[in-house]
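Take a look at the structure set out below.
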Amino acid sequence: MLTIAVSKGRIFEDCMPLLEEAGIFPIDDPKTSRKLILDTTRSDVQLIIIRATDVPTFVEYGAADLGIAGKDVLLEHGAESLYEPLDLKIACCRLMTATPKDLFEIPKRVRVATKYVKTAQQYFASRGIQAEIIKLYGSMELAPLVGLADCIVDLVDTGNTLKANGLEPRDLIMNISSRLVVNKAAMKMKHAEIQALIEQFKLTLAKRA
């Protein structure tokens, strides 16, 4: 049995065509089912549905053999203990700084609101900027509006939410996409099965290129 960890929402929707090409269809509709473990049309594969930020943890500790997670989550988690064999090129967006429109330059001492604490610290340190990081879990755009922070670090897709709240994207930290990650022990114990799935994903991605 192979167990694949994936989160609901955009990543799940974007990865379904890849799974389907490998003959993996969830028997229960994840949009309506309350089940967190989903059987599939392949008797040797099951899906577990968890929070995006928990995917690397489940894979690292062997609760899942494989997982699909955004590069932003992997960077924040510290995924050195995982294999990352494939960039699936799905759920693509940008990790960026954003500020109020009237802030023309990020100062050398800055207060930053973000849920990407580790990544933000490394980014500002690399630019010689002394940053006080304030961890928030949501509604990041609100922080500069109420004086909680000078700028934010967050994922940007269309930028419409920023614009609606008087903010604009500034500096690109990294382009983000979802990656396939594999538990190191599972890669040894279930090598043939996992490698076959990786090769199938590669074929599907090559067709799209």
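The values are calculated or read from the model by the stated rules, or taken from the named source; none is laboratory data. Computed from a prediction, not measured in an experiment: that's the story for all the values here. For neighbour counting, all protein chains shown are included, and Cβ atoms are generated from backbone atoms with ideal geometry for every residue, glycine included.
Taking the numbered list (1) surrounded by fewer than 24 Cβ atoms within 10 Å (Cβ to Cβ); (2) in contact (Cβ under 8 Å) with a residue 60 or more places away in the chain; (3) under 19 Å from residue 9 (Cβ atoms); (4) of a type in the set (A, V, I, L, M, F, W, C) in turn, residue 37 passes all entries but (2).
Selection of segment 76-95 for residues being surrounded by fewer than 21 Cβ atoms within 10 Å (Cβ to Cβ) and closer than 23 Å to residue 143 by Cα yields 76, 93, 94.
Residue 78 fulfils the conditions (1) on the phi > 0 side of the Ramachandran plot; (2) at pLDDT 95 or above except for a single criterion, (2). Among the residues of segment 144-174, just one is of a type in the set (Lys, Arg) and farther than 17 Å from residue 131 by Cα, namely 163.
As an exercise: evaluate residue 105 against (1) closer than 30 Å to residue 147 by Cβ; (2) assigned by TED's automatic domain parsing to the domain that holds residue 189 and give the number of the one condition it does not meet. Status for residue 105: all satisfied but (2). Is it true that residue 165 is in contact with an Asp or Glu (Cβ under 8 Å, 6 or more places away or on another chain) and not assigned by TED's automatic domain parsing to the domain that holds residue 114? So residue 165 does not fit the description; no. Screening residue 68 on (1) of a type in the set (Val, Ile, Thr); (2) at pLDDT 95 or above; (3) within 18 Å of residue 173 (Cα to Cα); (4) buried (at least 18 other Cβ atoms within 10 Å of the Cβ) shows it passes everything except condition (3). If the condition is being of a type in the set (D, E, K, R), outside any loop (DSSP other than H, G, I, E, B) and crowded, with 16+ Cβ neighbours inside 10 Å, then segment 142-163 contributes only 154.
The number of residues in segment 164-209 that are surrounded by 12 or more Cβ atoms within 10 Å (Cβ to Cβ), polar (S, T, N, Q) and part of a strand (DSSP E or B) comes to 2.
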